[in-house]
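First comes the structure, then the notes that go with it.
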Amino acid sequence: MMVSTLLAINTRVKIGWIPMLVISGSMPISYLILFFVDNMGILFILYAAISLYAFLVLLIPFREGKKWAWAATWILPVVLALTAYFAPDYAPYYYGLAAVFTLGLLLTMKDFFSRQ
């Protein structure tokens, strides 16, 4: 029998985890809407998939305190920062989201790596 331990949800973890969850959960919806509006459909499907992946990792294994989930969540802020670099028209938006994710991950880092 496998026992699943949830990450201790203290104030610091809530401040880091909840904004990441909300952003990664709303991004697939916005990208799917843009898929039908803009000509760059395939790119928006890719971003929707990456965001949905991050949302699911944050929702289940991240909350369970899996160290791999903390490391895997770095994929989304890296992709957002790279997008900002290559699309300067949207840079403030993407850099802002990447900063929120980076701050959230750094706030939760202590709880992932200080446990035995």
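Only the coordinates and a few stated rules stand behind these numbers; no lab work does. Only a predicted model underlies this, so the values are computations on that prediction, with no experimental measurement involved. Heads up, the Cβs are rebuilt from the backbone with ideal geometry, glycines too, and the neighbour counts pull from every protein chain shown.
Do you know which residues across the range 94-116 are free of Cβ contacts under 8 Å to residues at least 40 places away in the same chain and over 19 Å from Y31 (Cβ atoms)? If the condition is that a residue be free of Cβ contacts under 8 Å to residues at least 40 places away in the same chain and over 19 Å from Y31 (Cβ atoms), then A99, T102, M109, S114, Q116 are the ones that fit.
For the residues A71, A81, A91, A87, the requirement of being touching a residue at least 12 places away in the same chain (Cβ under 8 Å) and either under 19 Å from G25 (Cβ atoms) or out of contact with any Leu (no Cβ under 7 Å at 6 or more places or on another chain) (or both) singles out A81.
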